[in-house]
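To keep things clear, I will list the structure first and then write my remarks on it.
Read-outs throughout are calculated quantities, based only on the coordinates presented, and are distinct from any laboratory measurement. Small disclaimer: the values here were computed from a predicted structure and weren't measured. Neighbour counts are summed over all protein chains in view; Cβ atoms, including those assigned to glycine, are modelled from backbone coordinates with ideal geometry.
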Amino acid sequence: MTRPGAGRWLLLRYLQVALLVRLACEGARVALVVLAVDRTGSAGFGGALVAALLVPGVVAAPPAGALADRVRRRRLFHAGCLVCYGAGLVVVAGAAGRAPAGVVLAVAGAAGCCTPLLTGGLTSLLGDLVPAAARGRAFSLDAVSYNLAGIAGPALASALAATTDSGLALAALGAAAVLGGLLVLALPLRPRSGGGRALRPADLGAAAALLLRDPPLRSLTWASAAGQAGTGALPVVCVLLADRYATPWAAGGLMTAMALGSLAGSLVYAWRPWGVRRPERTVAVMLLATGVPLAAVPAAPGVALAFGCFALAGCCTGPLFAALLAGRDRYAPEAARTQVFTLGASLKSTFAAGGAALAGVCQTAGPVRLVLAVAACQALAAALGTVLLRGPAARSRAVPLSGPASRSPDG
């Protein structure tokens, strides 16, 4: 049994890994574009590199999660994937503009296949590292790592590229991911008993079946994905709002306000979590709460009040994300837990991309209508989560505050 202080140290070691690899993941999106412009003069090639890094992760999420659920030596598998991701960034940093474009894109794509293990795959390990009673706070702090990486990663990439060299900036981010992968080897993940069974085609659909049939998982997964379609449109909306307020900095400033609000919300939720007995209900409530301040943006006479509305909306997304992670861990069976995490993250990314594309097509509707549509999307997502929660298993899957007792805290 894990000693009381040991769980805190394990969580700290995990968070070191999470922050390193997620800083690399978020910063690489900026560093790749800067590198492409510096070496080739083509922002289009930078966009292709970013797509090559991101799109394979969406496709690879189900097999990567299924393989992670089957492999016996989990430390080696997860560490290897993180190291391969970082090494791929280092190779791209050296080869971009010097090797054939197809080769560089192929290397970026190979690294991108590992991205599901940097996000949902890594989060899925928390259930084996942290005692059951502390998992709610652990998932909240993991959400903080996402928020910090989302804010600091692009800034770090820009700062390194400006002060040193764009190639060195991307290589440094790759080195951070490699270091994070090596630190995984220090996590006490025991070899999985009975692991090593060959991956079968039926295994690839195990998580998908759960996300369609299990009421709590179905509710929190599809509700959060539908809500993400709205928030995915916000970068386009913020550009239009900046024009409305005649304030150019608002294009990025409003998104920064939301990110800072999300960070604050995650920290508060880590300090004093609520709704932990039924995280799927917390997800629905926080989706609805996210839409309220966004719906007030059209009434804001100036950018300062709009900034406050975005910050308040962000404060709601922090607890929402933490509850989503906790719900995946609570309701996913051991045999498909990592796959549930990776597939859920993939669905959110897909819906966010769809929302951004739709906002671009509908930008002639203007910022007021678009921001109201984003707010309505959050309300509809909350309603969807409530409807999908109906089912014979919805009541029986509620578990005590401490979480599942059957899982050993040290895996």
Next item on the list: State the Cα centre-to-centre distance between segment 266-304 and segment 6-34 in whole Å.
Entry: 25
Notebook entry, point to check: Pick from Thr282, Thr386, Thr163: which is most flexible by mean-square fluctuation in a GNM of the chain where alpha carbon atoms under 10 Å apart are linked?
Noted result: Thr163
Checklist line | Computed helical MRE - 222 nm, the chain, DSSP H runs ≥ 4 contributing -39500 (n - 2.57), nearest 500 | finding: -25500 deg cm²/dmol
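What length, rounded to one decimal in nm, is gained on full extension from Ala365 through to Ala246, with 0.36 nm per residue of separation minus their alpha-carbon distance?
Values: separation 119, 0.36 × 119 = 42.84 nm, distance 1.79 nm.
Residue separation times 0.36 nm, minus the Cα-Cα distance, leaves 41.0 nm.
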Margin query: Considering only C-alpha atoms, what is the centroid distance from segment 139-158 to segment 45-70, in Å?
Written below: 20
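So for segment 1-116, averaging the separation of alpha carbon pairs under 8 Å that are six or more residues apart and normalising by length, what relative contact order in percent results?
Numbers: 96 pairs, mean separation 37.4, N = 116.
32 percent.
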Next item on the list: State the label only: which of (1) 136; (2) 145; (3) 228 corresponds to volume of the Cα convex hull per residue in Å³ computed from the shown model?
Entry: (1)
Note to self: Would you report the distance distribution of C-alpha pairs in segment 203-388 as whole percents per 5 angstrom bin, up to the bin with the largest distance?
What the structure shows: 1, 9, 17, 21, 19, 14, 9, 6, 3, 1, 0
Notebook entry, point to check: What's log10 of I(q)/I(0) for segment 4-190 at q = 0.09, 0.10, 0.15 Å⁻¹, Debye sum over Cα points only, no solvent?
Noted result: -0.31, -0.38, -0.82
Checklist line | Dipole magnitude (debye, nearest 20) for the chain, charges at Cβ of Lys, Arg, Asp, Glu | finding: 1380
Next item on the list: List the relative contact order of the chain as a percent without decimals, with contacts defined as Cα pairs under 8 Å and 6+ residues apart.
Entry: 27
Item checked: Derived scalar couplings ³J(HN,Hα) [segment 127-142; Karplus, 6.51 cos²θ - 1.76 cosθ + 1.60; whole Hz; x for Gly, Pro] -> x, 9, 10, 10, x, 4, 5, 9, 5, x, 5, 5, 5, 5, 5, 5
